[in-house]
Amino acid sequence: MSLVMPLPDAATIARRGEIAAAMRAIVPGEGVIDDDDALRPYESDALTAYRQPPLLVVLPETVEQVAAVLAWCHKNRVKVVPRGAGTSLSGGALPLADAVLLGMAKFNRVLDIDYADRVAVVQPGVTNLAITRAVEGAGFYYAPDPSSQIACTIGGNVAENSGGVHCLKYGLTTNNVLGVELVTIEGEVIRLGGRGLEPAGLDLLGLIVGSEGLLGVVTEVIVRILPRPETAKALLIGFDSVEGAGRCVAEIIAGGIIPAGMEMMDRPAIHAAEAFVNAGYPLDVEALLIVELDGPGAECTHLVGEVEAIARRNGAVSLRTSANDDERAAFWAGRKAAFPAAGRISPDYYCMDGTIPRRRLPEVLARMRELSEQYGLGVINVFHAGDGNLHPLILYDANQPGQLEKAEAFGADIVRLCVAVGGVLTGEHGVGVEKRDLMPEMFSEVDLAHQQRVKCAFDPELLLNPGKMFPQLHRCAELGRMHVHRGEVAFPDLPRF
Amino acid sequence: MLRPANIEELCEIVAAGGKLRLRGGGSKDAIGAPTPDATVVDMRGFAGVVDYDPPELVLTVGAGIPLAEVQALVAAEGQMLAFDPFDHGAMLGGTTGDATIGGVIAAGVSGPGRLSGGAARDHLLGFTAVSGRGERFVAGAKVVKNVTGYDLSKLVTGSWGRLAALTEVTLKVLPAPRERRTLVVRGLDPAAAVARMAEALGSAAEVSAAAHLPDWQGTAVTALRLDGFPPSIAARAAMLPDFTAVPDGETLWEAVRFASPLPADRPLWRVIVAPSRAPGVVAALPGADWLFDWAGGLVWLASEIDPRAVAEAAGGHAMLMRADAAMRTAVPTLHPQPAALAALEARVRRAFDPAGVFETGRL
């Protein structure tokens, strides 16, 4: 473990019994966990290299309880780490030894579905897929579909601004959420947004989505639901070079087509996936594209023809179009199994999440291969090709001394590479603990100070989810110091009208 | 009026303090209370195209570049700004052509296409700005998918220049549709119109814009727009057999975008509600002239009577868009917020602008 979490406060840990009693006064029954064995399942999220049992776990059932827990913690200066299903890949829900872990799993009800206004009102512990399940009978669905959708909760999706394979066309969580009920660290309950399309004042909703649990605890979410597209078709296209596949992607988009999903796999990823699920992928290609088109049947038929022509023009060496939904599912099976397939060929793997301008893909993959040799660790690449979001999976063995550290260093180099070519640290998994110390690669101290002052506006004592997102926690008073200007004579050289 | 030519000059202006009113082309000068004591900062020095690579779907421009120039640039590549921004000049009694992209973002301007294409806030990927502290900072990025750090792009969109002065914006662009077809049905009352629009939006017809005008060329008209590839549009139109195509669709959408059928001499309000609540809002304000955009989610309302209580009772809110100076001085432009939310907003504003350099009293 190379990342250092804030030093636990021994005084808080010593008060554990008192804190547990206070929590039990708010959340009766089984809702407070302080038994060491029972805390164990909460010690990590999906960034499993980092583990830390929390001080205790609180599982509230009502908004009033959430408000009372936060108000008590605020008054008593106890830190709080919010948690949904614990599927974060960036350590967003990693517990702290001196913090209450606030689990929102019991907020699991769908409160209202309004087909006329095309919204669903749900509690944050409802899983992403459960929203679709609740509305699919009427022909609707909730569009963002992170790969963990069977388990991840909408509250966690809001915190992380989760994406999925369909977000090029349908957007991330932030583009599909209309409102939230939020409890502040002071225990105040406020509503941001609603069933209408715009807020009345500042777009604080847009700020909350993707804030990684640092600004408040969401207790209700209003999402947009969409009618299910009439049909969907997928194409499986092989290329003998990554460049050819990249040109095909650019030409599809330049042709005015925004596919529902467009995924690329490199040769090692194709082989790993094929060995695992026998999806029928061609093994003699360097890059494989899956292009999914959805909409009315007539549109799909038309666009399939266009994409086939573009693929041929760009040197496709194999091309198949799904004849039915079973075949479409088979095309996706290998891609969706890429992570477990990596787990089958390597004891451990580390998933990265940078986004790059797509035009830089060939050089980024080439440099990644050099780094792979340099670190002596394999890497396989799956890639949301439409939006430039890379998911390199670094293969390592945590039981070999030094390999985790090597994998982390390799991963950091990949992320730096993404930023160097004009991209970003994280496209959809969040900063969390994992990329926290890499934030200065993308942002200056002044940039980060502007972000952290937003944190201070919501949580001046820095009690909510500390140790995440920001490489250094400056005290708010320190950040709030006024900018002192050097001189009194202002802009003498400026033109004036 | 000050006109900084570069970021350094802008930083100096802001750091020197006082009250600063940020201005692009002035197309929205007539929105909000007059601010005679504020110094106007003309942002049009920050012009120019920084980067545009159409297949990447990303455009970076100076915030002071005219909106019309941006729209022409992307249209030449067969692309568009899908949030359908527009120039408020004519709506507010001025001229058209002055609006800048920075002003569009600062005011969060989205037109009829917003219903399906998303709002301005959904298309701002990143920006460079000078905050009220007189410091240059960046947020977001120049790629279409990014969750690194707080999403300050959402926060500055629609913030009306009260957090920071935008100098450069990176926008997501999308392919423009090959064809647009407008379909109408005539003679529906407001409730029936909203119900019919909801039904169409809940179907597989993939409606991209939906509006209802109680009086368009003599009759009530409910209009839907289908955008896309010709074979797709033909198939989707067939799913809406009670609607008929009209040849002058763009004229109708222009009217909706600018609320131009409403009398120009009455105060104009922009009411946001859940679409199903729109008929109730206009029923409660019998003296008002109105039209529905966004399937009812946006009610343009011409009314001397303040509609805020009605909007609030319907779970929505109202912004005063156009009025004489006396009314704009007396009536808050933005819908007043509950106390706890107002306090939180004020803290967020102070985080960017501790001395209130951008708090001119306009909103």
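At a glance:
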read-out	value
Built amide H within the under 5 Å cut-off of residue B:179, gap 5+	B:228
Karplus (6.51, -1.76, 1.60) ³J(HN,Hα), θ = phi - 60°, over the stretch A:455-466, in Hz, Gly and Pro reported as x	3, 5, 5, 9, 8, x, 8, 6, 8, 8, 6, x
In the stretch A:275-355, chymotrypsin sites (Phe, Trp or Tyr not before Pro) in a DSSP loop with at most 10 other beta-carbon atoms within 10 Å	none
Convex hull (Cα only) mean projected area of the stretch B:84-142, reported in nm² to one decimal	5.2
Kirkwood Rh, angstrom, chain A [1 / mean 1/r, Cα pairs]	24.1
J(HN,Hα) series, the stretch B:353-361, from Karplus relation 6.51 cos²θ - 1.76 cosθ + 1.60, nearest Hz, glycine and proline x	9, x, 8, x, 4, 8, 8, 8, x
Gaussian network model of chain B, springs between alpha carbon atoms under 10 Å - residue of B:267, B:36, B:279 with greatest fluctuation	B:36
P(r) weight above 19 Å for the stretch B:7-175, C-alpha pairs, percent	53
Gained length - residue B:312 relative to residue B:340, 0.36 nm times residue gap less alpha-carbon distance	8.4 nm
Partnerless cysteines, meaning none of the other Cys C-beta atoms lie under 4.7 Å away, in chain A	A:73, A:152, A:167, A:248, A:300, A:351, A:418
FRET efficiency, residue A:51 to residue A:241 (Cβ-Cβ, R0 45 Å, nearest 0.05)	0.60
Over 30 Å (Cα to Cα) - which of A:455/B:145; A:106/A:455; A:435/B:142; A:106/B:172 fall in this group	A:106/B:172
Dipole axis of the stretch A:206-306 (+1 Lys, Arg; -1 Asp, Glu on Cβ), positive-most option in A:229, A:264, A:282	A:229
Cut-off under 5 Å, modelled amide H: who pairs with residue B:79 long-range	B:176
Efficiency of FRET from Cβ geometry, residue A:329 and residue B:239, R₀ 30 Å, rounded to 0.05	0.70
Förster radius 60 Å - calculated FRET efficiency between residue A:11 and residue B:49, Cβ distance, rounded to 0.05	0.60
Label zone at residue B:37 (point 7 Å along Cα-to-Cβ), backbone N below 17 Å, the stretch B:319-363	B:329-330, B:355-363
Note, ³J(HN,Hα) from phi for the stretch B:144-155, Karplus 6.51, -1.76, 1.60, rounded to Hz, x at Gly and Pro	6, 10, 7, 10, 7, x, 4, 7, 5, 4, 5, 5
Simple spin-label estimate for residue B:69 and residue A:4 in nanometres, 7 Å along Cα-Cβ	5.0
Point-to-point label distance, residue B:305-residue A:398, nm (Cα→Cβ direction, 7 Å offset)	6.7
Cut-off 15 Å, label 7 Å out along Cα→Cβ of residue B:189, residues of the stretch B:197-220 by amide N	B:214, B:220
Residue A:287 long-range amide H proximity, modeled H, under 5 Å	A:239, A:241
Residue A:37-residue A:420 pseudo-label distance in nm [points 7 Å out on the Cα-to-Cβ vector]	5.1
Nearest-20 debye value, chain A charge dipole, Cβ charges on Lys, Arg, Asp, Glu	420
Exposure proxy order (Cβ contacts within 10 Å, fewest to most) of B:150, B:52	B:52, B:150
Lysines whose Cα lies under 22 Å from that of residue B:19, excluding same-chain neighbours fewer than 8 positions away	B:28
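Each reported figure results from applying straightforward, stated rules to the coordinates on display, with no laboratory input. From a predicted model like this one, the values you see are computed outputs, not experimental measurements. Neighbour counts are summed over all protein chains in view; Cβ atoms, including those assigned to glycine, are modelled from backbone coordinates with ideal geometry.
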